[in-house]
Amino acid sequence: MIQDEKLKGVGNVISTVWKNQETLSKSAERLDEQFAVLARLSIRGMNDILIRMGADKEVITEVVIETAFKEWQVFRSRSDFRQFMLEWFLGKPLADLPPPPAKEEAPMTAAPGQEAEKPQAQEFGGDYGTQQKSDERNEAAPEV
């Protein structure tokens, strides 16, 4: 009886999680749709305001939108872009941002004339054995 109630509770939780996952999946699929409609409404509204103000030559055109996407692509390629989102949204030129942090790259091979460092016995999570009699039960030890 108690076990049946617990199983029903687990079933309800699984059902709720499944329904939430379906809703999240549908929401993620509709992001492009939501973005497109929001952008269209915003651009049309801003252009209407600019025209009413007499700034007909300042309206948002295809060239302006294309430039914004190109700037976004450059900005997004920075490893620290999230730190400067507010500045980017407010229109700060990319050239006015501090330079992105330098990428640290470790050399993949040893320099000429140097030997590559060999792994230590405990490196990579195991004792690889010493090829002695006591290693017979050590499955990771190489065969003698």
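Placing dummy labels 7 Å off each Cα toward the beta-carbon, the span from ASP32 to ALA102 is 4.1 nm.
Residues TRP18, TRP72, TRP88, ranked from the fewest to the most other C-beta atoms within 10 Å, line up as TRP18, TRP72, TRP88.
On full extension, the segment bounded by MET46 and ALA68 gains 6.4 nm, given 0.36 nm per residue less the C-alpha separation.
Computed from the coordinates by the stated procedures, all read-outs in this text should not be read as laboratory data. Just so it is clear, the model here is predicted, and its values are computed rather than measured. Backbone-built Cβ (ideal geometry, glycine too); neighbour counts: all protein chains shown.
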